[in-house]
Amino acid sequence: MADKEKNFVSAVVYVHNAAARVEGFLKAVIATFENNFEHSEIICVNDSSEDDSVAVVKKLSAGITTTSITVVNMSYFHGLELSMDAGMDLAIGDFVFEFDNTDLDFDPEMIMKIYRHSLTGYDIVSASPDRREKFSSRLFYKVFDRFTSLKYNMSTESFRVLSRRVINRINSMNKTVPYRKAMYAGSGLKTANLKYEVKTAVKGTTDPNENRYRRSLAVDTLILFTDFGYRISFVMTSAMMLISMFMIVYTLVVYLIGNPIEGWTTTALFLSFGFFGLFAILTVIVKYLQIIVDMVFKREHYSFESIEKLTK
């Protein structure tokens with residue numbers, strides 16, 4: 001290709017026990033970058049792999065001269081989000097591709113397709129397979145969309161491209177990014193999602209560390225980025241307050257028209273009032289915790305989608 005893109009592009013690739021597939025994946029990415037961009041880099045984040053993933057990457061990089069290849073070795077298993085944060089901190093590209101895995105189930109041309117789409121005015125463009133999502137994923141995204149104020153329909157994404165503008169904005173919003181997709185959704189910048197036809201079926205991960213991490217991440221995300229936890233806590237505390245009020249009324253009725261055991265009325269009223277006050281306090285505490293979470297993880301001074309200079 002005679003005319004290559006002038007923009008510097010980076011690729012951050014998550015690698016964990018991927019020795020069987022990382023070589024073919026990197027070859028496809030490298031070929032795409034070298035055919036289309038003048039300057040590019042690939043950052044492989046080795047999340048404490050227990051196989052020969054790093055050895056495969058090093059062997060492959062020995063024959064590469066045009067694309068810079070870097071390996072970031074995590075000290076221990078950190079999981080996808082923190083590992084990708086480490087790679088993103090090193091990426092210097094004008095546009096940065098995030099590959100959450102090394103499953104090459106798409107045509108490599110899809111990499112350039114989402115890049116070109118980003119040039120039409122989108123800061124975040126993701127690529128998703130057109131296959132049916134797993135039940136657990138569908139349930140998580142449905143709950144997330146139901147209890148969040150973000151105007152972003154979550155779905156399973158294989159990779160995405162980010163402009164330098166969105167990276168800078170995310171860094172200014174929060175130093176720690178517990179769930180990148182939620183942060184991107186809350187950035188206020190234009191996003192797009194493109195579907196691709198799955199070229200080769202890929203089996204889901206069976207790594208126990210990754211499975212435990214993904215379950216924990218799903219729970220943390222629902223608590224931090226949605227009202228899911230607050231709604232449940234509020235409903236439970238409200239229900240217990242109503243039960244306490246019912247016990248107060250019931251105790252008074254028994255006292256007036258029944259023959260309660262001596263001391264029963266006083267004890268029942270004390271316990272009912274005590275539990276009513278306890279759950280009232282818990283309601284206030286839950287609300288304060290929700291406010292703190294909003295301030296820490298959802299804070300943003302202002303958010304704009306674009307700036308248009310109309311006159312010189």
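Just a few scattered comments:
- Highlighted here are the helices (runs of 4 or more DSSP H) found entirely within the range 193-311 that include at least 3 residues which are at pLDDT below 80, in contact with a helix residue (DSSP H, G or I) (Cβ under 8 Å, 6 or more places away or on another chain) and farther than 30 Å from SER49 by Cα: 228-257, 264-297.
- Residue within the range 83-101 that is over 23 Å from SER172 (Cβ atoms) and not hydrophobic (A, V, I, L, M, F, W, C) present: yes
- Of all the residues in the range 62-108, those that are part of a helix (DSSP H, G or I) and either of a type in the set (Ser, Thr, Tyr) or out of contact with any Pro (no Cβ under 7 Å at 6 or more places or on another chain) (or both) number 10.
- Just one residue in the set ASP52, ASP47 is charged (D, E, K, R), over 22 Å from ASP94 (Cα atoms) and under 22 Å from the mean Cα position of the chain (by Cα); that residue is ASP47.
- Qualifying residue in the range 127-150 (condition: in the same structural domain as MET112 (by TED's automatic domain parsing), more than 22 Å from ILE92 (Cα to Cα) and modelled with pLDDT under 75): yes
For every residue, the table says whether it meets (1) of a type in the set (Asp, Glu); (2) more than 17 Å from ILE30 (Cβ to Cβ).
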site: ASN73; (1), (2): no, yes
site: MET84; (1), (2): no, yes
site: LEU90; (1), (2): no, yes
site: VAL96; (1), (2): no, no
site: GLU109; (1), (2): yes, no
site: MET112; (1), (2): no, no
site: TYR122; (1), (2): no, yes
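- Residue within the range 92-102 that is surrounded by fewer than 18 Cβ atoms within 10 Å (Cβ to Cβ) and more than 18 Å from the chain's Cα centre (by Cα) present: yes
- Members of the range 205-222 that are crowded, with 17+ Cβ neighbours inside 10 Å and of a type in the set (Val, Ile, Thr): THR221
- Qualifying residue in the range 137-154 (condition: β-branched (Val, Ile, Thr), under 22 Å from GLU23 (Cβ atoms) and out of contact with any Cys (no Cβ under 7 Å at 6 or more places or on another chain)): no
- Extreme residue, farthest from PHE99 (Cα to Cα), among residues of the range 1-28 that are touching an Asp or Glu at 6+ places or on another chain (Cβ under 6 Å) and outside any loop (DSSP other than H, G, I, E, B): SER10
- Pairs, first acidic (Asp, Glu) in the range 82-95, second assigned to a helix (DSSP H, G or I), C-beta under 6 Å, six or more apart: ASP94/ARG164
- Apart from one condition, LEU189 fits all of (1) more than 26 Å from THR102 (Cβ to Cβ); (2) modelled with pLDDT under 80; (3) in contact with a helix residue (DSSP H, G or I) (Cβ under 6 Å, 6 or more places away or on another chain); the exception is (2).
- Residues satisfying the stated conditions in the range 34-52, i.e. in a helix (DSSP H, G or I) and either of a type in the set (Asp, Glu) or free of Cβ contacts under 8 Å to residues at least 40 places away in the same chain (or both): GLU34, ASN35
- If you filter the range 117-168 down to residues that are assigned to a loop (DSSP other than H, G, I, E, B) and among the hydroxyl-bearing types (Ser, Thr, Tyr), you find that the one that is farthest from the chain's Cα centre (by Cα) is THR120.
The values are calculated or read from the model by the stated rules, or taken from the named source; none is laboratory data. Quick caveat: nothing in here was measured; it's all calculated off a predicted structure. Glycine also receives a Cβ, built like all others from the backbone with ideal geometry; neighbour counts cover every protein chain displayed.
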